[in-house]
1. Run VAL118 past the list (1) within 19 Å of LEU62 (Cβ to Cβ); (2) touching a residue at least 60 places away in the same chain (Cβ under 8 Å); (3) surrounded by fewer than 17 Cβ atoms within 10 Å (Cβ to Cβ) and report the number of the one that doesn't hold.
2. Looking only at strands (runs of 3 or more DSSP E) that fall completely inside segment 41-126, which ones have 3 or more residues that are over 25 Å from TRP16 (Cβ atoms)?
3. Taking segment 70-95 as the search range and keeping residues that are under 13 Å from CYS117 (Cβ atoms) and touching a His at 6+ places or on another chain (Cβ under 7 Å), which one is surrounded by the most Cβ atoms within 10 Å (Cβ to Cβ)?
4. Just checking, does segment 37-48 include any residue being touching a His at 6+ places or on another chain (Cβ under 9 Å), at pLDDT below 95 and at positive phi?
5. Residues being assigned to a strand (DSSP E or B) and surrounded by 13 or more Cβ atoms within 10 Å (Cβ to Cβ): count how many of those fall in segment 17-37.
6. Consider LYS10 against the criteria (1) under 18 Å from ILE116 (Cβ atoms); (2) of a type in the set (Lys, Arg); (3) exposed (fewer than 12 other Cβ atoms within 10 Å of the Cβ): it satisfies all of them except one. Which criterion is unmet?
Amino acid sequence: MGTVHRFKGKDKKFNWENVSIESYDSSKMKRVTKRVLIGKKEGAPYFVMRYFEIEPKGWTSLDKHPHDHGVIVLKGKGKVLLGNEEIEVSFGDAIHVPPNELHQFKNTEEEPFGFICVIPNKELVH
């Protein structure tokens with residue numbers, strides 16, 4: 001049977017029932033949180049759906065992976081680095097990050113920047 005995590009966002013906060021918030025602060029990332037909405041715990045064998053939120057002046061790590069990403073912006077504005085081009089994105093924009101493309105998300109605004117990111121189950125990627 002499938003799973004429903006009900007959205008419980010209030011006062012512009014994006015949260016879901018039974019979904020924990022993981023902090024992602026490190027030397028490579030600043031002011032980032034992640035919520036795994038659909039993944040192994042829900043029994044999804046082929047993909048993982050995550051919600052990332054970047055606080056003002058924050059950024060994700062500069063990465064390259066063998067899998068692609070599907071991203072849709074739900075909150076705020078920011079910039080995405082795709083290869084060597086930095087592009088401004090905002091609510092509703094859909095982004096494809098191809099396999100092995102250098103990428104990074106940054107919040108350049110004063111409000112939180114949030115997006116859904118879907119990737120394949122890494123155990124299936126060779």
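1. Condition (1) is where VAL118 drops out.
2. It comes to 77-82, 85-90.
3. Taking the candidates together, the pick is VAL80.
4. No, every residue in segment 37-48 fails to be touching a His at 6+ places or on another chain (Cβ under 9 Å), at pLDDT below 95 and at positive phi.
5. The number of residues fulfilling the criteria is 8.
6. (1)
Table: residues versus (1) within 15 Å of the chain's Cα centre (by Cα); (2) acidic (Asp, Glu).
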residue	(1), (2)
LYS64	yes, no
GLU86	no, yes
GLY92	yes, no
ASN100	no, no
ILE119	yes, no
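The values are calculated or read from the model by the stated rules, or taken from the named source; none is laboratory data. Since we're looking at a predicted model, the values are computed, not measured. No Cβ is skipped: glycine too gets one built from the backbone with ideal geometry, and neighbour counts run over all protein chains shown.
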